[in-house]
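Below is one structure, written out as structure tokens; comments come after it.
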Amino acid sequence: MSGNGTTPGDDPLQTAVWRLRSRACWADAAALLPPDSPATALQRAVLLVERCLYTERGWEDAEDALRTAEALAHGDEERGAAACERGQLAYTATLHGVRDRVDEARAALGRAAALIPPGAPGRALLDFRRGLIAENLTRSPQAARAAYRRAHAGAAAHADPLLLSFTWRHLAGLALRDGELAEARHGFAESLRIREELGYLVGTAPALVSLADAESEPEASRLREEARRLFRLLGGVPTWLARQLTPPTPGAATA
């Protein structure tokens, strides 16, 4: 869940990887990267772990890529980044009900926290993922909000707009839960704006649905219909969005 998208300074390989990733083609994007250097091995793991989150499949490929990244990591920050991905994979497996790995997730993120120094670029992503565990697994919204705010500040400081789109969305979700509609609407709108600007297509439908939850009619229905269109375009990804985008009528033909 990190990365800046395509920028003028990106090389052609990274531009191609981003375009495939943003269109839910994680395996194709990973195949472009050689697995024999610490940086590219970690990037492959990031892609394949993200695929698990959005598709609920590809677990073995993600585990293999992660083991390679862990084996090649040298310095503390590389080891910390690999541990952060290990925590994310364990969190994702727990979230999707594949297997309860919450202890593993906490332990891995704890290792990452010991290795990634405060103020380092990878710290913001780590804080965000600790917020996810607090919000979705331990049901501690106050701890989640504090972690998301740290992640938000770090993402802004290190110019990571994709991560900002996630922190905006999750802070807005907590605001909506507390009945703060104006704050929620603003955060969801910022998340959607960033994702559209980056061309992060796979994350745009969830952002549309989140904003719809904070809007009144007829705008809410318009946003959900646009989300349905993107969801169908990407072949039903992210899979978990299907629960929120039910078919208009029972038995209707699917595209």
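The values are calculated or read from the model by the stated rules, or taken from the named source; none is laboratory data. Everything numeric in this text was worked out from a predicted model, so none of it was measured. For neighbour counting, all protein chains shown are included, and Cβ atoms are generated from backbone atoms with ideal geometry for every residue, glycine included. Protein only, heavy atoms only, side chains kept; ligands, DNA and RNA dropped before computing areas. Shrake-Rupley method; radii C 1.70, N 1.55, O 1.52, S 1.80 Å.
Any residue that is within 13 Å of the chain's Cα centre (by Cα), at pLDDT 95 or above and of a type in the set (K, R) - is there at least one of those in segment 168-187? Scanning segment 168-187 turns up at least one residue that is within 13 Å of the chain's Cα centre (by Cα), at pLDDT 95 or above and of a type in the set (K, R).
Can you give me the number of residues within segment 208-245 that are polar (S, T, N, Q), under 21 Å from L181 (Cα atoms) and part of a helix (DSSP H, G or I)?
Here the count works out to 2.
Taking A144 as the residue in question, decide whether it is outside any loop (DSSP other than H, G, I, E, B) and modelled with pLDDT under 95. No. Of the candidates A39, A81, the single residue that is closer than 27 Å to L198 by Cβ, assigned to a helix (DSSP H, G or I), small (G, A, S) and in contact (Cβ under 8 Å) with a residue 40 or more places away in the chain is A81. The number of residues in segment 111-134 being free of Cβ contacts under 8 Å to residues at least 40 places away in the same chain, open to solvent by 20 Å² or more (accessible area, probe 1.4 Å) and part of a helix (DSSP H, G or I) comes to 7.
Filter segment 157-174 for residues that are under 15 Å from A120 (Cβ atoms) and hydrophobic (A, V, I, L, M, F, W, C) and give the result. If the condition is that a residue be under 15 Å from A120 (Cβ atoms) and hydrophobic (A, V, I, L, M, F, W, C), then A157, A159, L163 are the ones that fit. The single residue among R169, R130, R185, R123 that is among the basic types (K, R) and touching a Leu at 6+ places or on another chain (Cβ under 6 Å) turns out to be R130. From the list A175, A212, A205, the one residue that fits, being crowded, with 19+ Cβ neighbours inside 10 Å and within 20 Å of A144 (Cα to Cα), is A175.
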